[in-house]
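Accompanying notes for the structure given below.
The values are calculated or read from the model by the stated rules, or taken from the named source; none is laboratory data. Predicted, not measured: the structure shown is a model, and the values here were computed from it. Neighbour counts run over all protein chains shown; Cβ positions are idealised from the backbone, glycine included. Accessible surface areas use protein heavy atoms only, side chains included; no ligands, DNA or RNA. Shrake-Rupley method; radii C 1.70, N 1.55, O 1.52, S 1.80 Å.
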Amino acid sequence: MDNTERYGRLLERYMNGDMERRKFLGLIGAAGLAYGVQTPFAKFAHAQDVKEVRFDGWGGVVSEAFREYAFDPFTEKTGVTVVDGTFGGGDEYLSRVKASQPGEYNIAHLSGVFDYARYHGLGLTSELNEDNIPNLQYVIPKLNDVFRKITDGKLSCVPYDYGTTGLAYNRKHISDEEMKEKGAKILIDDAYKGKIGGWADWRTRMWYAALQTGQDPNGATDVDAMWDAVRAHRDLALKYWTSGAELMSLLAEEEIYVTEGWSGRIYALQEQGHDIGYMDPPNGFGWQECLFVIKGSPMEACEELLNFMLAPETSIAVAEGQNYPPALDPTKVDLGDKIPTLPAFDPTGTLSGLTFADPEYWNGHEADWSKMFGRVQKGY
C-alpha cells in the first residue's frame, strides 16, 4: 500500500462516519501512525536516521489533538520525537528558524503574506512540485496568486485558511451601536481605561493606529500621529495579550471589555455562550495563513501531506475545528453549514471585502517599527 492509498483509506473512514472528527484531526497530523502505518515522515526519518520531526503552529485544539492522537503514538512506535512547537507571533518564530540548521524546521503554519516575503528574502523558501498537490485546484485563486508574485510564479506553501483581526467587545458594557459609531477609536477611549486590551504585536498596533488616525494602513504617512495613538492605547490598556488563549481568558473573565482579536477565537467564545460581539471596521486587518515548507525539508513527503490537508473533506474538518474559513473556493466546494457562519467568511471567493497587508510596505518598515514598539512598550 503506498502513502496515497493510506491517506485515502483514512479519509474514507472519516467520511463513512467510522471516526469522530476530533480523532480524525489528530490522526492527520502524522497520517495514521496511531494505527501503526508508516507515513512519509517516518520513512524519511528512518532513511536519514533523523531523531526529530518538527511542526510549528499557533497551538490550540488542533495542536492538542496532534499531540494526543498522533505525535505520542508516533514516538512510541518509531522512537522519533515529534517536536510540535507553538509560537505567539511571526517575529518570534522567524528568529528561531534563522538561528537553526537546515532541516531542523520542516512545516510551519505561518500567517501573512509579509511573512512569506520575509522568508523568501532570507533564502528560506523551498519550491513545491505542484503536480504532487492536485488539490490546489480547489484553493481560492487570489490566495495563491499573492504568493506566486513573490516567488516568480512558484509556491513554497499552500494557503490554508483566512480570517481577520477585528474588534471584540463585551455586550454587557458596550453596545453594537456604540461600536459602529466609534470603530477602532474605541481602543483609545478614556471611558474604558483599564478595561482595554491589545495584542503585543507591532504590526497590529500600527495597523490600528493608522485606522485611529484616519489613514490607509497600507500607505500611512503621518507616522508620528500613529505612534501617539499607540502610546494612548498603551496608557489606557490593562495589558497586552500574547496568545489566543490569553485573549479568550481576558474577555471571558471580563478583565477587559474591548480589544482587537482574532476572528476564530472570538467565535469560539461565542460558541461557549459568552456575549462577545465582533466587528471588522473599515480597512480592518485581514490575513491568510499557509502551510509553509522550509528549505531543506523532505519535499515529496511534505507535498503529499499538504495535498491531503487540502482535500475538501480534510480542510472542512479542520476549519470547523479551529473556526477559521478554509482557503477552499466556496464556488467550487460545498463548505457545509457551519463555515458560512464564521466571521470573515466570503461566500463569493473573491475576498474583495478584506484588506490584506501590503508586504512591501510593511516589510519596509519592519526594522524601525518593531524596534520602536519595543521601546514604546517599556514606556518611551
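In terms of the Cα gyration tensor, with a ≥ b ≥ c the square roots of its eigenvalues, is the stretch 112-247 rounded because a/c is under 1.5, prolate because a/b exceeds b/c, or oblate? Please list the in-between numbers first.
Values: a/c = 2.59, a/b = 2.05, b/c = 1.26.
It comes out prolate by the Cα gyration axes.
Checking the cross-link filter: which aspartates and glutamates have an alpha carbon closer than 12 Å to that of LYS295, excluding same-chain neighbours under 8 positions apart?
Within the straight-line limit of under 12 Å, LYS295 reaches these aspartates and glutamates: GLU104, GLU127.
For the stretch 146-162, list residues with backbone N below 20 Å from a point placed 7 Å from the Cα of GLU127 toward its Cβ?
146-159
Using each residue's phi in the stretch 346-362, evaluate 6.51 cos²θ - 1.76 cosθ + 1.60 at θ = phi - 60° and report the 3J(HN,Hα) Karplus result to the nearest Hz, with x for Gly and Pro.
Values per residue, Gly and Pro as x: 10, x, 7, x, 8, 6, 5, x, 9, 9, 9, 5, 6, x, 5, 5, 6 Hz.
Express the carbon and sulfur contribution to the solvent-accessible surface of the stretch 187-239 as a percent, rounded to the nearest whole number, probe 1.4 angstrom. Don't skip to the answer; put the middle values down first.
Values: 870 of 1950 Å².
That fraction is 44 percent.
Taking θ = phi - 60°, what integer Hz values does the Karplus form 6.51 cos²θ - 1.76 cosθ + 1.60 yield along the stretch 368-379, in sequence order, with x for Gly and Pro?
Per-residue couplings from phi come out as 6, 6, 5, 5, 5, 5, x, 6, 5, 4, 8, x Hz.
Can you give the FRET efficiency to the nearest 0.05 for TYR138 and ASP235, using r as the Cβ-Cβ distance and R₀ = 45 Å?
Working: r = 47 Å, r/R0 = 1.04.
Efficiency computed from Cβ-Cβ geometry: 0.45.
For TYR162, which sequence-distant residues (separation of 5 or more, or a different chain) have an amide H within less than 5 Å of its own amide H, given hydrogens modelled in the peptide plane?
Residues meeting the amide H criterion: GLU289.
May I ask you to compute the full-extension gain from LYS371 to SER175, defined as 0.36 nm times their residue separation minus their alpha-carbon distance, rounded to one decimal in nm? Show your work: numbers first, answer last.
Details: separation 196, 0.36 × 196 = 70.56 nm, distance 3.62 nm.
Contour length minus the Cα-Cα distance gives 66.9 nm.
Under 19 Å from a label point 7 Å along Cα→Cβ of ASP222: give me every residue in the stretch 165-184 with its amide N that close.
Only 182-184 pass the distance filter.
Scan around ASP280 for amide H atoms under 5 Å from its own, H built in the peptide plane at 1.01 Å from N, and keep only partners 5 or more places away or cross-chain.
Amide H neighbours of ASP280: LEU167.
Just to confirm, what accessible area per residue do you get for the stretch 254-380 at 1.4 Å probe, in whole Å²? Could the numbers behind the result be given before it?
Values: 4980 Å² over 127 residues.
Value returned for the stretch 254-380: 39 Å² of accessible area per residue.
Quick check: Cα centre of the stretch 82-143 to Cα centre of the stretch 175-254, how many Å?
Centre-to-centre distance over Cα atoms comes out at 28 Å.
Which residues' amide hydrogens lie under 5 Å from the amide hydrogen of GLY198, considering only partners 5 or more residues apart or on another chain, with H built in the peptide plane?
For GLY198, the qualifying residues are LYS239, TRP241.
I need the peptides 149-155, 373-379 ranked by packing, meaning the mean over residues of other C-beta atoms within 10 angstrom, with the highest value on top. Show your work: numbers first, answer last.
Numbers: 149-155: 15.3, 373-379: 12.9.
Per-residue mean Cβ counts within 10 Å order the peptides as 149-155, 373-379.
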